Amino acid sequence: MDTSSNKLEKAARRVWKSAQMFVGFHTDQKGKPREQPKLWPPKNGSASIHNDPNAQEAIVVVKAADPEAAQDVQIKLHPNRIVVRRDADMWWQGVAADENSVTVRMADNTIIEIRHDGSVKRRSTEDETHVEADGSIFKFTEFAEAHMTGDGVEMTRRTEDRIATITADGVVDRARKR
């Protein structure tokens, strides 16, 4: 009899085929920066995490099972964060996790940051959106700023020349004082 987990395993496409740890030395023995880090595979598969990731870092390279369908991923271990990166033309290029947040860089240079309190910031070249921990939303574009309270009771939009607000007491739309 086939259990649901066995069905899932059979249906799932294999994405990764191997992982190898390296120590990346970004400076030579005299402390001079290298253009490309020297990668050394530690014999026992263990590496300490250096205080200065610009000098030395522990890296795990995860190889894709099918290079045509997926890309290799690098996991960089720093003393204050973990960085997962890949050279992608679509979707995500990097994820950084530290004790306060998880930040994702998308291929179009959009940055999405999820903070420890549940708030989310999304920044792109066109706009910036904040969803605060209380549920309130702020949106900033070249042309307008908008805000909605977490309970949805009040909404405000400001443009260069106007301000409009919807509250429980009614609607206000007027020219901005300069």
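Modelling each spin label as a point 7 Å along the Cα-to-Cβ direction, I'd like the Ser48/Lys63 distance in nm, to one decimal. Result for the modelled spin labels: 3.0 nm. Spin-label pair Thr110-His130: with each label point 7 Å from Cα along the Cα-Cβ axis, the two points sit 2.0 nm from one another.
Can you tell me what percent of all Cα-Cα pairs in region 76-172 are more than 20 Å apart? Considering region 76-172, 51 percent of its Cα-Cα pairs are separated by more than 20 Å.
Taken one residue at a time, the phi angles of region 88-98 give Karplus couplings (6.51, -1.76, 1.60, θ = phi - 60°) of 10, 8, 9, 6, 8, 10, x, 9, 10, 10, 10 Hz. Gly and Pro are set to x. Only protein heavy atoms count here; under a 1.4 Å probe, Ile166 has an accessible surface of about 70 Å². Taking the helices alone, the chain has a mean residue ellipticity at 222 nm of -1000 deg cm²/dmol, built from -39,500 (n - 2.57) per DSSP H run of at least 4 residues and averaged over all its residues. Element breakdown for region 116-178 at a 1.4 angstrom probe: carbon and sulfur atoms account for 51% of the accessible area.
The lysine pair tally for the chain, using Cα distances under 28 Å and a gap of 8 or more places or different chains, is 20.
Spin-label model, Phe143/Lys177: points 7 Å from Cα along the beta carbon direction are separated by 2.8 nm.
Please label the shape of region 119-172 as rounded, prolate or oblate, based on the square roots a ≥ b ≥ c of the eigenvalues of the alpha-carbon gyration tensor (a/c under 1.5 means rounded; beyond that, a/b larger than b/c means prolate, else oblate). Here region 119-172 falls in the oblate category.
The values are calculated or read from the model by the stated rules, or taken from the named source; none is laboratory data. Nothing here was measured: the structure is a model prediction, and the numbers come from that model. Glycine also receives a Cβ, built like all others from the backbone with ideal geometry; neighbour counts cover every protein chain displayed. Surface areas here come from the heavy atoms of the whole protein model, side chains and all, with no ligands, DNA or RNA. Shrake-Rupley method; radii C 1.70, N 1.55, O 1.52, S 1.80 Å.
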